[in-house]
1. Only one of (1) surrounded by 20 or more Cβ atoms within 10 Å (Cβ to Cβ); (2) modelled with pLDDT of 95 or more; (3) touching a Cys at 6+ places or on another chain (Cβ under 9 Å) fails for ALA20. Which number is that?
2. Regarding TYR50, is this residue open to solvent by 60 Å² or more (accessible area, probe 1.4 Å), closer than 18 Å to ALA126 by Cβ and touching a Leu at 6+ places or on another chain (Cβ under 7 Å)?
3. Could you list, in sequence order, the residues of the range 17-32 that are in contact (Cβ under 8 Å) with a residue 60 or more places away in the chain, part of a helix (DSSP H, G or I) and over 12 Å from the mean Cα position of the chain (by Cα)?
4. Filter the range 83-141 down to the residues that are open to solvent by 60 Å² or more (accessible area, probe 1.4 Å), part of a helix (DSSP H, G or I), free of Cβ contacts under 8 Å to residues at least 60 places away in the same chain and among the charged types (D, E, K, R) and list them by number.
5. Residue under question is ALA45, and the condition is that it be over 20 Å from LEU24 (Cα atoms), open to solvent by 30 Å² or more (accessible area, probe 1.4 Å) and aliphatic (A, V, I, L, M); does it hold?
Amino acid sequence: ILNKSSRLAAMVRLTDYEEAVKALAAASGLPHLSAVPIYVVGSRARSRAYARIWGLYRPLQEALGTGPVYVVELLDPFWRLDCLGRAKVLAHELAHIPRTASGALRPHNASFRRDLKVISRGVEEACRAIREADRGGTPSL
């Protein structure tokens, strides 16, 4: 049942930003990031966070007959960041993907920080892809 405070969150797939994520993953040199599909969606969900990452856990993979998949959800505050800020947020979300790339997510632990440091080296490369994506304008959600 919907009440006054609930609303449907519109989502749209952002293939241009998927290219930015691929550029960031490739620039990092971490093979597990290039070995797994990573999709990007824009969302109108209410949150103070800039983005969230979702993984398809093993039981769902088995039920759907698929392998691991990750989805980065970009929230409203993300669009207020400059290019470098956006690239850093994407790097942060990618650091949540463990080296097993199993569909699970990694917390903010030592492995996360180690990979974030490596992934962050590629933010300039990702920023170029983000600028290209932004030429098409901010998506309307």
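1. (2)
2. On the way: open to solvent by 60 Å² or more (accessible area, probe 1.4 Å): yes; closer than 18 Å to ALA126 by Cβ: yes; touching a Leu at 6+ places or on another chain (Cβ under 7 Å): yes.
Spelling it out, TYR50 is indeed open to solvent by 60 Å² or more (accessible area, probe 1.4 Å), closer than 18 Å to ALA126 by Cβ and touching a Leu at 6+ places or on another chain (Cβ under 7 Å).
3. Selection gives ALA23, ALA26, ALA27, SER28, HIS32.
4. The answer is LYS88, ARG113, ARG114, LYS117, GLU124, ARG131.
5. On the way: over 20 Å from LEU24 (Cα atoms): yes; open to solvent by 30 Å² or more (accessible area, probe 1.4 Å): no; aliphatic (A, V, I, L, M): yes.
No: the conditions fail for ALA45.
The values are calculated or read from the model by the stated rules, or taken from the named source; none is laboratory data. Values in this document were obtained by computation on a predicted structure and should not be read as measured data. So basically every Cβ, Gly included, is an ideal-geometry build from the backbone, and we count neighbours across all protein chains shown. Ligands, DNA and RNA are stripped out before the accessible areas are found, and what is left, the full protein with its side chains, is counted by its heavy atoms. Shrake-Rupley method; radii C 1.70, N 1.55, O 1.52, S 1.80 Å.
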